[in-house]
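To start, the structure itself, in structure tokens.
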Amino acid sequence: ENVVVIQCDVLKNSFLAAYDLATGKELWKKERDEFPGWCTPNIYFDDGKARIAVNGYKHRGGYDFLTGEEIWKMSGGGDIQIPTPVVGGGLVYFNSAHGKFSPVMAIRNNAKGDITLAENETSNSGVQWSHWRGGSYMGTMLLYNGYLYNAAWNGKLTCYNALTGEEMYSEKVGKGNSYTASPVAADGMVYIADNDGVVSSVKAGPQFEVLKENNLGETLMTTPAISDNYLCFRTVDHLIAISDKGRNP
């Protein structure tokens, strides 16, 4: 909608703000009480109304896109928040990791008010389901064909039923020791890359099966991109485009 949304969580004066794309005019700005983080906000809809989902530790929440009004909030989770919220199927999915907890949780699009979970609670009026451990420090989760995938820094890939939160599997992918890139998917395959440049193709769905491993031979710490039948990787020295269509004329 020609609006730029900025989430700025820093040591002092954290804020969420919206700016006009063409002019840079500030449309609204809301203060946040939050630890420093590196999250990117996302957009979801509640009964046709646009909302902004923001990850956080002290202040995870949803805001009205037009006015910046806070719709819901909650606290708890990893205290260095990085992953982007994932949206789909009437739910907003969050994960984080650092400190005592590493939660994975599904928030209902119509959540309102303070929905912070009580001790030993895994759901409430705004929380569809949650697991207090299993989230990722760096990686944004992947929602694909009814399943939610979370890739941890050590290469453990966990698959959940996206609606119920049931864990389908949690298995180590590849032999790498460190994984920074987030998983992506296309054509029934989930792609996950380790920092050494080995890309594993995992069969999408509730059963774990590694179909192929390909070594790009260079350090790879960025999430692959998929567009127009191309799978693109940005390594430390190259941009690599892979396709079964061959080179365009």
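Kindly provide the set of residues from region 173-182 that are surrounded by 13 or more Cβ atoms within 10 Å (Cβ to Cβ), at negative phi and not hydrophobic (A, V, I, L, M, F, W, C), ordered by number. Within region 173-182, 176, 179, 180, 182 qualify. One residue alone among 94, 65 is more than 18 Å from residue 124 (Cβ to Cβ) and of a type outside the set (A, V, I, L, M), and that residue is 65. Scanning region 53-65 for residues that are crowded, with 23+ Cβ neighbours inside 10 Å and touching a strand residue (DSSP E or B) at 6+ places or on another chain (Cβ under 6 Å) turns up 53, 54, 55, 60, 61, 62, 63.
Among the residues of region 66-82, those that are open to solvent by 10 Å² or more (accessible area, probe 1.4 Å), farther than 13 Å from residue 39 by Cβ and not aliphatic (A, V, I, L, M) comprise 67, 69, 70, 73, 75, 76. For region 117-124, the condition of being under 22 Å from residue 40 (Cβ atoms) and open to solvent by 20 Å² or more (accessible area, probe 1.4 Å) holds for none of the residues. For region 195-224, a residue qualifies if it is closer than 17 Å to residue 185 by Cβ and either open to solvent by 60 Å² or more (accessible area, probe 1.4 Å) or out of contact with any Phe, Trp or Tyr (no Cβ under 8 Å at 6 or more places or on another chain) (or both), and the qualifying residues are 203, 207, 208, 209, 210, 211, 212, 213, 214, 223. In the set (1) free of Cβ contacts under 8 Å to residues at least 40 places away in the same chain; (2) open to solvent by 50 Å² or more (accessible area, probe 1.4 Å), residue 110 fails one condition alone, (1). Could you please let me know if residue 137 is under 21 Å from the mean Cα position of the chain (by Cα) and open to solvent by 60 Å² or more (accessible area, probe 1.4 Å)? It is true that residue 137 is under 21 Å from the mean Cα position of the chain (by Cα) and open to solvent by 60 Å² or more (accessible area, probe 1.4 Å).
Please identify the pairs in which a residue from region 33-58 that is under 25 Å from residue 10 (Cβ atoms) and modelled with pLDDT under 95 has its Cβ atom under 7 Å from the Cβ atom of a residue that is of a type in the set (A, V, I, L, M) and open to solvent by less than 10 Å² (accessible area, probe 1.4 Å), counting only partners at least 6 apart or on another chain. Within 7 Å, the pairs are 39/54.
A residue that is free of Cβ contacts under 8 Å to residues at least 40 places away in the same chain, surrounded by 20 or more Cβ atoms within 10 Å (Cβ to Cβ) and not aliphatic (A, V, I, L, M) can be found somewhere in region 23-32. You will find that of 85, 103, the residue that is open to solvent by less than 40 Å² (accessible area, probe 1.4 Å), at pLDDT below 95, within 14 Å of the chain's Cα centre (by Cα) and within 26 Å of residue 50 (Cα to Cα) is 103 and no other.
Whether a residue is surrounded by fewer than 18 Cβ atoms within 10 Å (Cβ to Cβ), under 20 Å from residue 38 (Cα atoms) and among the β-branched types (Val, Ile, Thr) was assessed, and residue 164 does not pass this test.
The values are calculated or read from the model by the stated rules, or taken from the named source; none is laboratory data. Since we're looking at a predicted model, the values are computed, not measured. Heads up, the Cβs are rebuilt from the backbone with ideal geometry, glycines too, and the neighbour counts pull from every protein chain shown. The area values use the complete protein model at the heavy-atom level, side chains included, leaving out ligands, DNA and RNA. Shrake-Rupley method; radii C 1.70, N 1.55, O 1.52, S 1.80 Å.
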